[in-house]
Amino acid sequence: MQQPKNLKRLLQALAKQGLDVTYNDRTYSVRLNDSSEFDRQDACPTNADAPTAEILLPEGFPVEAKALKQLANLAQIRHPAGGCVCKCCATPDFHPGDAGVAIGSIVQTEGMVIPAALGSDINCGMRLHVADLSLEKFLQKRDRFVELMKGDYFFGTRDVAMTAKTSRALFQYGIPGWLDAMLDAPTGSIVKSNLDQLADEIDRVYLGGSMNGDWKWAPEELVPDTGIVRDGGLATIGGGNHFVEIQVVEEIEDKATAFAWGVRKGQLAFTIHSGSRNVGKYIGGMWRDRARSAWPKNLKYPDSRLFPLSLTANPNLVSDYLQAEATAANYGFINRLLLAELLRLRLREVYGDLAAPLVYDLPHNITLFEGNRWVTRKGACPAHPQQPVIIPGSMGATSYLLIGKGNSEFLSSASHGAGRIRSRFDLNREGADKSEDALGLTGIDCITLREERRIEEAPAAYKPIQPVIDVQIAAGLVGVVARLKPVLTFKA
């Protein structure tokens, strides 16, 4: 693999910013060269020195010092009572995060968890369905379909009401608990759904869509003792890079796997990218503050302000945090399910009886116990052997259905997208070129009520998807199963 141009000059510039960086065969390795006194202490005897973090990047992609510093900070976190980072790496959609953790980061820890490494967008993830409906037939009634979906997604015509018992089951057990309670007392538009199909599809959700949550961590107004819960945040897309997109299966590259997963060329597809919304924000914020409060009073705060929870010092806090995170994750699974189910019901209303089965649903913001250690993925998805992986491009670029390879060097992970290259501020600033051509929006069918969202999420905001896919294939993270071409995108 050819070295990037001006590599020596780049590494020298990064060194001046406190980073020791090396490059070898598509991979940058980074660590801080100015660790604080506390960080040099042998706080974790099994890992006295912080591991070098590694980033897989396509040649020619920007090497952002801010993101490298954030990853190096993450790699050196340890707790004085015990607990350390064992491995830290990043996927090729790597870019700076607003809360001090780079998007695309993966961190493996022993004896501690780091709530801030995940943040508030808990169980943001991807969900993919396919339908036996041609693009031609879809476009014939496109306008009617779009108006119905705008009502559900933007104007509140959706009805996702549920009993108090169902809401508690949702937070406690995720999809299986919610479905069992809904079978007992169907409410809202779900009464029109094929509940047997939803039950059959649980096996196509990562972890079965169920984690060890507890409704006590949920916002109080969503878990009343009795009555009907009408949650204004449920079945909503959310802001930022979240979306619901209609696509067409453009090409099959792994015919055997695609057949096994029920995917065929020419099918319509729809992909949902969303998470736990305000519930994740509520729980993530709560535990950011609790982790800071639990930091030893006689020690200065770490420079990164990323506070770990030690299993030795605070075992109850560790278990409580993981349970709280799981509670938000269960909500995220249901949020994506309902976003998809609203769309599936409208497809059937407009185009007739369609099965539109689920291909897969997987998270890319979550902490999981894998092997004998915790792995936290921030803007990266699991990519274990034979597991489906969904990596979207921008709304003007191809998305990919892939199969995981279980590469241990990158903790059996893959990217969750292409990664931003321009900030939302940069795209919206006064004087920026907002023409359709400059933003890459020519010919893009984006359904939104906010013009600024269309600009912020324009194709020009994102890195090209193809090099991101190619470098992961070359490194043995994933293999391509199918390519999906965008048709129209809903942005909140």
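The values are calculated or read from the model by the stated rules, or taken from the named source; none is laboratory data. Keep in mind that what you see is a predicted model, and the values were worked out from it rather than measured. So basically every Cβ, Gly included, is an ideal-geometry build from the backbone, and we count neighbours across all protein chains shown. Please note that ligands, DNA and RNA were not included when accessible areas were found on the heavy atoms of the full protein model with its side chains. Shrake-Rupley method; radii C 1.70, N 1.55, O 1.52, S 1.80 Å.
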Set Asp320, Asp303: member being more than 24 Å from Lys491 (Cβ to Cβ), open to solvent by 10 Å² or more (accessible area, probe 1.4 Å) and not in a helix (DSSP H, G or I):
Asp303
So Gly177 ticks every box in (1) surrounded by fewer than 19 Cβ atoms within 10 Å (Cβ to Cβ); (2) modelled with pLDDT of 95 or more but one. Which box is left unticked?
(1)
Which number in (1) within 17 Å of Glu253 (Cα to Cα); (2) in a strand (DSSP E or B) marks the one condition that Gln466 misses?
(2)
Among the residues in region 219-237, are any touching a helix residue (DSSP H, G or I) at 6+ places or on another chain (Cβ under 9 Å), part of a helix (DSSP H, G or I), modelled with pLDDT of 95 or more and open to solvent by 10 Å² or more (accessible area, probe 1.4 Å)?
yes
Residue check for Ala492: part of a loop (DSSP other than H, G, I, E, B) and closer than 19 Å to Glu250 by Cβ:
no
Is there a residue in region 199-206 that is in a loop (DSSP other than H, G, I, E, B) and at pLDDT 95 or above?
no
In region 252-272, which residues are in contact with a helix residue (DSSP H, G or I) (Cβ under 6 Å, 6 or more places away or on another chain) and either open to solvent by 10 Å² or more (accessible area, probe 1.4 Å) or free of Cβ contacts under 8 Å to residues at least 24 places away in the same chain (or both)?
Ile252
Looking at this structure, is Thr109 of a type in the set (Val, Ile, Thr) and under 19 Å from Arg277 (Cβ atoms)?
no
Does Arg336 satisfy being in contact (Cβ under 8 Å) with a residue 12 or more places away in the chain and either at positive phi or open to solvent by 50 Å² or more (accessible area, probe 1.4 Å) (or both)?
no
Filter result (out of contact with any Lys or Arg (no Cβ under 7 Å at 6 or more places or on another chain), more than 9 Å from Ala90 (Cα to Cα) and in a loop (DSSP other than H, G, I, E, B)) within region 100-116
Gly111, Ile114
Count, please, the residues in region 397-442 that happen to be at pLDDT below 95 and aromatic (Phe, Trp, Tyr).
1
Would you tally the residues in region 72-97 being free of Cβ contacts under 8 Å to residues at least 40 places away in the same chain and either under 24 Å from Gln466 (Cβ atoms) or open to solvent by 10 Å² or more (accessible area, probe 1.4 Å) (or both)?
1
So in region 273-297, with the set limited to residues that are free of Cβ contacts under 8 Å to residues at least 24 places away in the same chain and charged (D, E, K, R), which one is surrounded by the fewest Cβ atoms within 10 Å (Cβ to Cβ)?
Lys297
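What do you reckon, is Arg422 in contact with a strand residue (DSSP E or B) (Cβ under 9 Å, 6 or more places away or on another chain), in a loop (DSSP other than H, G, I, E, B) and among the basic types (Lys, Arg)? Show your work before the answer.
On the way: in contact with a strand residue (DSSP E or B) (Cβ under 9 Å, 6 or more places away or on another chain): yes; in a loop (DSSP other than H, G, I, E, B): yes; among the basic types (Lys, Arg): yes.
The answer is yes for Arg422.
Please tell me if Thr327 is modelled with pLDDT of 95 or more and in a strand (DSSP E or B).
Working: modelled with pLDDT of 95 or more: yes; in a strand (DSSP E or B): no.
It is false that Thr327 is modelled with pLDDT of 95 or more and in a strand (DSSP E or B).
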Within the set of pairs 6 or more residues apart or between chains, which connect a residue that is more than 24 Å from Glu409 (Cβ to Cβ) and open to solvent by less than 80 Å² (accessible area, probe 1.4 Å) inside region 24-41 to a residue that is part of a loop (DSSP other than H, G, I, E, B) and modelled with pLDDT of 90 or more with Cβ atoms less than 6 Å apart?
Asp39/Gln76
Would you check if Lys69 is surrounded by fewer than 24 Cβ atoms within 10 Å (Cβ to Cβ), more than 19 Å from the chain's Cα centre (by Cα), of a type in the set (Lys, Arg) and in a helix (DSSP H, G or I)?
yes
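Among the residues of region 429-450, are any hydrophobic (A, V, I, L, M, F, W, C), touching a Pro at 6+ places or on another chain (Cβ under 9 Å) and touching a residue at least 60 places away in the same chain (Cβ under 8 Å)?
Let us first name the residues in region 429-450 that are hydrophobic (A, V, I, L, M, F, W, C), namely 432, 438-439, 441, 444, 446-447, 449.
Add one more test, that the residue is touching a Pro at 6+ places or on another chain (Cβ under 9 Å), and what stays is 439, 441, 444.
Within this subset, residues satisfying the condition of being touching a residue at least 60 places away in the same chain (Cβ under 8 Å) are none.
Checked region 429-450: no residue is hydrophobic (A, V, I, L, M, F, W, C), touching a Pro at 6+ places or on another chain (Cβ under 9 Å) and touching a residue at least 60 places away in the same chain (Cβ under 8 Å).
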